[in-house]
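Novice: Before I ask anything, let me first share the structure, which is written out below as structure tokens.
The values are calculated or read from the model by the stated rules, or taken from the named source; none is laboratory data. All values derive from a computational prediction rather than experimental measurement. No Cβ is skipped: glycine too gets one built from the backbone with ideal geometry, and neighbour counts run over all protein chains shown.
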Amino acid sequence: MTIFSGQSLADWLFHLENLHQSAIDMGLERVRSVADDAKLLPLPAKTLLVGGTNGKGTTCAMLESMLMAAGYSVAVYSSPHLIDYRERLRVNGKMLSEAEHCQAFAAIEQARGQTSLTYFEFSTLAALWLCHQHSLDVVILEVGLGGRLDATNIVDADVAVVTSIDLDHQAFLGNTRESVAREKVGIARHGKPLVCGEPQPTAVFLEEVLRIGARLKWVGRDFHYEDQGLSWTFNGQDYARPSLPLPNAATALQTLSLLGLEVSVDAINQGLSQARLPGRMQVLGRSPLVLADVAHNPHAARYLNAELERRYPGKVIHGVCAMLSDKDIAGTLAEMSAISCWYPAELPGVGRAAPAATLGKLLGKDKTFADVKTALQAAIKVAGPDSVVIVFGSFYTVAQVLPVGE
């Protein structure tokens, strides 16, 4: 057996991209076998596993921010990245060096032997290896796809979280909320807390919770929040209003209460106030106001549209959109009623990209754009200084404009 030895992070990522016969290969047997051989489990820290259709990243970010404000050492593993692979693992809010990631990849390459791994499986194992190299109090893992068969689910988390349940990745998770719910709840464990931020999680979800024997904490039944405009309450107590979504803030607070760690109200408020995540209503420009959001399915678009209407009543909103062909494009666009001027764009170099003409046809627009940057430039040129421009549709879409904003 020849063991690959990459000289750079780029070498390793090329190796990961070409190692397995398919990009997605659901199942835990291969990844668990390598984790056992590498002695990666259990992790030497309290562990959270966060799943859900939307809201995973922002829930992880708020948990991370609150725990760090309380003085704890925290790692967060999430995906996908926007610009730099190293975004996928933050330790105390910072990316690790390329050399550290290369060292982790070399360790997993040695441990895997003849076992073939997908890009995500290899990345997940490398992240777990890196968590062992740091003195951590809490590790927060974001599920990649689904839950039950996701590589992160080899970890028996102290608290599992399902932020929301809706349709996405139907080719793998099924075409109904019930089938999606069954996959999401698969991260729950017997006797361990499961926090559910989905107000209507389906009968299947609740039945599976009972079968598994998890201790369910369900929004609307076991914990509550109220949006009061400029302020909000969680279980009747006032907290600092975050810039990130309130439903996910409530889910994060409930999760925090189950960790068994002391976190003061001051640390909670500081963490909520400081929590940020690139590509979530991220401001890229001020005149006109330019925002970027990774919303890429109807559930996320519905929330984004409501936020645009709430934050910018009476404003003319211009929409720059590019999407992937395997998403519900029509359903996503239909949710964005706040947008009055559209700029459908291509995603050049992205194999799964939907043609801009497909978006244009659904929107009744003949004019399309060769790439997102060109579309954004056109929108800025047309928009007045008091208008709003929102760039959305996928992680790839936002990645095309982030360097301009930074």
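Novice: Looking at segment 1-46 only, could you name the residues that are part of a loop (DSSP other than H, G, I, E, B), more than 27 Å from LEU63 (Cβ to Cβ), touching a residue at least 12 places away in the same chain (Cβ under 8 Å) and among the β-branched types (Val, Ile, Thr)?
Specialist: ILE3
Novice: Among the candidates LEU63, LEU49, LEU82, single out the residue that is in a helix (DSSP H, G or I), in contact (Cβ under 8 Å) with a residue 60 or more places away in the chain and not β-branched (Val, Ile, Thr).
Specialist: Working: LEU49 fails: in a helix (DSSP H, G or I); LEU82 fails: in a helix (DSSP H, G or I).
When all the criteria are applied, what remains is LEU63.
Novice: Still on this model: Can you name every residue in segment 283-333 that is of a type in the set (Ser, Thr, Tyr) and more than 20 Å from the chain's Cα centre (by Cα)? Before you say what the answer is, go through the steps one by one.
Specialist: Keep residues of segment 283-333 that are of a type in the set (Ser, Thr, Tyr), which gives 287, 303, 312, 325, 332.
Scanning segment 283-333 gives SER287, TYR312.
Novice: Would you call LEU216 at pLDDT 95 or above, among the aliphatic types (A, V, I, L, M), part of a loop (DSSP other than H, G, I, E, B) and surrounded by fewer than 24 Cβ atoms within 10 Å (Cβ to Cβ)? It would help to see each step written out before you state the result.
Specialist: On the way: at pLDDT 95 or above: yes; among the aliphatic types (A, V, I, L, M): yes; part of a loop (DSSP other than H, G, I, E, B): no; surrounded by fewer than 24 Cβ atoms within 10 Å (Cβ to Cβ): yes.
The answer is no for LEU216.
Novice: Quick one: VAL161 ticks every box in (1) modelled with pLDDT of 95 or more; (2) farther than 30 Å from TRP218 by Cβ except a single one, so which number is it?
Specialist: (2)
Novice: Here's another thing I want to ask about it. Among the numbered criteria (1) within 30 Å of SER164 (Cα to Cα); (2) in contact with a Leu (Cβ under 9 Å, 6 or more places away or on another chain); (3) among the charged types (D, E, K, R), which one does LYS56 miss?
Specialist: LYS56 satisfies every listed condition except (2).
Novice: Look through ARG302, ARG286 and report the one residue that is basic (Lys, Arg) and at pLDDT below 95. Show your work before the answer.
Specialist: Working: ARG302 fails: at pLDDT below 95.
Selected residue: ARG286, the only one of ARG302, ARG286 that is basic (Lys, Arg) and at pLDDT below 95.
Novice: Need the failing condition index for SER287 against (1) outside the structural domain of ALA330 (by TED's automatic domain parsing); (2) exposed (fewer than 15 other Cβ atoms within 10 Å of the Cβ), just the number.
Specialist: Failed condition: (1).
Novice: Within segment 250-272, can one find any residue that is crowded, with 16+ Cβ neighbours inside 10 Å, closer than 17 Å to SER387 by Cα and either touching a residue at least 60 places away in the same chain (Cβ under 8 Å) or not basic (Lys, Arg) (or both)? Lay out the reasoning, then the answer.
Specialist: Quick first cut of segment 250-272, residues crowded, with 16+ Cβ neighbours inside 10 Å only: 250-259, 263, 267-272.
Add one more test, that the residue is closer than 17 Å to SER387 by Cα, and what stays is none.
Checking segment 250-272: not a single residue is crowded, with 16+ Cβ neighbours inside 10 Å, closer than 17 Å to SER387 by Cα and either touching a residue at least 60 places away in the same chain (Cβ under 8 Å) or not basic (Lys, Arg) (or both).
Novice: Just for helices (runs of 4 or more DSSP H) wholly inside segment 106-205: which have at least 1 residues that are β-branched (Val, Ile, Thr) and surrounded by fewer than 23 Cβ atoms within 10 Å (Cβ to Cβ)?
Specialist: On the way: elements: 119-132, 170-173, 177-184.
Result: empty, no element qualifies.
Novice: Okay, next question. Taking segment 235-261 on its own, how many of its residues are assigned to a strand (DSSP E or B) and under 18 Å from LEU216 (Cβ atoms)?
Specialist: 0
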